[in-house]
Amino acid sequence: MKKKLSFPRRRESITAKLTKLPVLFLILPVLFLIGFIPKSYGKEGNNNIIGKIEAKYKTVHSISAYFVQKEIIPGYSQNMSFKGNFYYKEPGNMAWVYTYPMHKRQVLKGNELYIIDSDIKKVTVINVGKERGGFPPNIVAVIGSLTKYFSVESVKKDAVKGIVGVGLKPLSLQRAKEIYIDFAINSLKITSLKILTYQGQTIIFHYAGVRFNRHINSHIFSVNFPASYKIIKEN
């Protein structure tokens, strides 16, 4: 995973919403067991944990993971839910291969998001250069330099669940009001992400099977399409 890294208006179509989802990727939530009181580190401990996270992600060259995504919209009884696989490969290529409730592929290259529907041979291209949505496009670079983009509001350890939860606030105005990321204590792999927007939306990602620095086939990020595909540029 722009706000990309964004923004109360009428309900948008699923396609319109999906165009924003990828840009929202890498920032995750803090979930605690009912009745569990998390341990907060002192300032020195916070700096140590954040330093370890930043150092870890500076060595990450690729990421693959299964994700479950939910978007909670104020005023609507039905929430939007999605499942699929996420891929990152330096220098900044990202792709979301959705498997539920639809089969689509989204690829972020530079400032352009490609939404690919191979069933109807249609590609929608959206310029997201100024749409940050909660997290810059190059997720590894951002997590490798968290304090450059965010103020760290909290660092909490849940030894029972084996996670460290980090609460963040963007240093510059964007769609995201608050961001919460959970990292596995030992591996520092992202396990979940929660974004709260100024419009009252809550966007949550849960990750499983996260793998660092494994080979990822470059075809996943391909934006070369057959002549039979209809290409639509929305902006």
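The values are calculated or read from the model by the stated rules, or taken from the named source; none is laboratory data. Keep in mind it's a predicted model, so treat the numbers as computed, not measured. Note that each Cβ is placed from the backbone with ideal geometry, even for glycine, and that neighbours are counted across all protein chains shown.
The strands (runs of 3 or more DSSP E) found entirely in the range 141-235 that carry 3 or more residues being in contact with a strand residue (DSSP E or B) (Cβ under 6 Å, 6 or more places away or on another chain) and not basic (Lys, Arg) are 150-158, 163-170, 176-184, 190-197, 202-212. Looking across Tyr41, Tyr98, one residue alone is of a type in the set (Phe, Trp, Tyr), out of contact with any Cys (no Cβ under 8 Å at 6 or more places or on another chain) and modelled with pLDDT of 75 or more. It is Tyr98. All of Val164, Val125, Val152 fail the test of being at pLDDT 95 or above and aliphatic (A, V, I, L, M), apart from Val164.
Among all positions in the range 102-114, there is no residue which is within 23 Å of Tyr180 (Cα to Cα) and either in a loop (DSSP other than H, G, I, E, B) or in contact with a Cys (Cβ under 7 Å, 6 or more places away or on another chain) (or both).
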